[in-house]
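So the structure is just underneath, and the comments pick up after that.
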């Protein structure tokens, strides 16, 4: 495989900013799980194992990207013929080889963290394989975009649970509120991002390209996205309260939330694709900042 072509593919379809988000997600789960497990509750590990865990998280999401490439290859060849994969500079066979090599790393790290982590990883992997098969009802599911997205977003809480189990082995980690809140935040954050990236003005809708603005209607789709963001912010606020956060953490998140809602309100009054793309960027920043705020609270205690 040509490394320059692989780098071009990653920049196009799995860029460094995505990898960084998944590393931050891993570190956040690790940190919050340590708080709930309490002294002596978290499984000890070396720096090497921590690095392996971060790579395992990135690898899991990279494999999901490869699954999507396999499912959508023919459609993308029609609508995005100039992409690196569609032009043959990298191939599906090469991407599969990388993805399944990463699976060995994930399995090895999960096994090193203990049986609960290995079982959690196996559960997440099994669900991802069902996603790849589109739950054996792909034709029907693709005609129901919202249901399709919901069924696929459930992978987020399963990944969180896998990582959580790696750091709470032997502790009463399911009795506290932090895990359910973290699961909820991952699901709502993922849903907000999924909605934001597939919103378009009526003038920018393209035949054969799915969008929530077309499936739900332009105005309702914006309203649903705003409601999901508000629910995610409420969940984040409860998590921060559980960690004893100060006013600064709330202020930053409230500012990003307010900016996003203002952009969607402006886009509702005057549909402009530029406003939607800016809102999508702020939603991504909101997700990243949500996890960074949790990290800051844990390590600033």
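The values are calculated or read from the model by the stated rules, or taken from the named source; none is laboratory data. Note that this is a predicted model, so its numbers are computed, not measured. Heads up, the Cβs are rebuilt from the backbone with ideal geometry, glycines too, and the neighbour counts pull from every protein chain shown.
Observations
- Single match in 110, 101 (criterion: at pLDDT 95 or above and over 23 Å from residue 14 (Cα atoms)): 110
- Residue 292 meets all of the listed conditions (1) farther than 18 Å from residue 185 by Cα; (2) assigned to a helix (DSSP H, G or I) but one, namely (1).
- The sole residue among 166, 251, 221 that is over 30 Å from residue 115 (Cβ atoms) and crowded, with 20+ Cβ neighbours inside 10 Å is 221.
- When the residues of region 259-274 are filtered to those that are free of Cβ contacts under 8 Å to residues at least 40 places away in the same chain and either surrounded by fewer than 20 Cβ atoms within 10 Å (Cβ to Cβ) or not assigned by TED's automatic domain parsing to the domain that holds residue 204 (or both), the one that is nearest to residue 199 (Cα to Cα) is 274.
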